[in-house]
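J.: So that we are looking at the same thing, I have put the structure below in structure tokens.
The values are calculated or read from the model by the stated rules, or taken from the named source; none is laboratory data. Quantities reported herein were computed from a predicted structural model and do not represent experimental measurements. Here the Cβ is made from the backbone with ideal geometry for all residues, glycine too, and neighbour counts use every protein chain on show. Accessible surface is based on the protein model in full, side chains and every heavy atom, while ligands, DNA and RNA are left aside. Shrake-Rupley method; radii C 1.70, N 1.55, O 1.52, S 1.80 Å.
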Amino acid sequence: MSYFKILGLDREPFSTSPDPAFFYESQEHHAALMRLMIEIRLKRGLSLILGDVGTGKTTLSRKLFQMLKERTDIIFHMVMDPTYDSEKLLLDSLVRTFGIDMGLGPDRSILDYKEEIKKYLYRTAVDENKIVVLLVDEAQKLNAMSLEILRVMLNYETNEFKLLQVVLLGQLELLPRLREINNLWDRISLKYMLNPLDEEETRLMNKGDLSIYSRLS
Ligand SMILES: Nc1ncnc2c1ncn2[C@@H]1O[C@H](COP(=O)(O)OP(=O)(O)OP(=O)(O)O)[C@@H](O)[C@H]1O
Ligand SMILES: [Mg+2]
């Protein structure tokens, strides 16, 4: 019998992989989630969550996914490892992430990919009136070329809203790199820094006080 069953739990509580079922909603994580929800619902375009290694960015992204997956008005896409060596590889990955069927046919050009993505965003966000979210975890891995492609996609908009809602979650090293790209930095509507759990929270967690975890139903 597994040790956690003996303890009366139905799953491994101290797994090293981020599990939203054991998400501890500190004030800071709660605020980050609420503010992200607002940005997404208002379709403001680009949100940024920064935090040092292990501050709970991936856990937060899974929690957000859990919160949004039942909603039929929000289409949530996640990219967990955004390492792309060429523009085409990134666009190809986005097309697959968005579930766009480019058909068979000859080798597609970069322009074809961009056109298909644009068409998908107009169809989904304007014609069908849905909110399309692209969450990128490990965003510090995005290179300059990838950031530029995302910037261009944030230009797709109507008079009222952005067609694509991008959420970047990344380690602190991403900050100076984003700051250098003025026309991207200026477009970030939410900038939020996650800090490690504070002393009291850490004490409760270390005491094994499982009541502090917000369990998902
Ligand atoms: N709010 C939280 N509630 C419960 N567990 C958490 C929380 N924040 C972090 N953890 C735990 O800490 C570990 C690291 O969290 P996570 O992987 O989400 O951090 P990260 O910010 O994505 O780190 P990295 O920068 O290395 O990707 C995980 O095992 C996760 O379960
Ligand atoms: Mg992570």
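J.: For each pair in K5/K57; K57/K114; K5/K69; K88/K141; K43/K63; K63/K119, compute the distance between the two Cα atoms and list the pairs where it is over 22 Å.
T.: Those over the limit are K5/K57; K57/K114; K5/K69; K63/K119.
J.: Relative to the Cα centre, what is the charge dipole magnitude of the stretch 112-203, using +1 at the beta carbon of each Lys and Arg, -1 at the beta carbon of each Asp and Glu, and rounding to the nearest 20 debye?
T.: Around 320 debye, computed over the stretch 112-203.
J.: Express in Å², to the nearest 10, the accessible area of S146 obtained by rolling a 1.4 Å probe over the protein heavy atoms while all chains stay in place.
T.: Counting only protein heavy atoms, the figure is 0 Å².
J.: Sticking with this one: What order do M153, M37 take when sorted by accessible area (1.4 Å probe), most exposed first?
T.: M37, M153
J.: Now for a different question. Report the local net charge at I74: Lys and Arg +1, Asp and Glu -1, summed over other residues whose C-beta lies under 9 Å from its C-beta.
T.: +3
J.: OK, next. Any chance you could look up the accessible area of T83 with a 1.4 Å probe, heavy atoms only, rounded to 10 Å²?
T.: The value for T83 is about 80 Å².
J.: Largest first, what is the accessible-area ranking of D52, D101 with a 1.4 Å probe?
T.: D101, D52
J.: Separation of the stretch 166-180 and the stretch 89-164 by C-alpha centroid, Å?
T.: The two parts, judged by their Cα centres, are 20 Å apart.
J.: Please give the net charge around E157, taking every other residue with its beta carbon less than 11 angstrom from that of E157, where Lys and Arg add +1 and Asp and Glu add -1.
T.: In short, +3.
J.: Filter the GluC sites (Glu not before Pro) in the stretch 98-191 down to the DSSP loop ones having no more than 14 other Cβ atoms within 10 Å, then list what survives.
T.: Passing sites in the stretch 98-191 are E128, E160, E173.
J.: At a probe size of 1.4 Å, how large is the accessible area of I49, to the nearest 10 Å²?
T.: Near enough 0 Å² of accessible area.
J.: Working with all protein chains in place, sort F76, F65, F23 by solvent-accessible area computed with a 1.4 Å probe, largest first.
T.: Largest accessible area first, the residues go F65, F76, F23.
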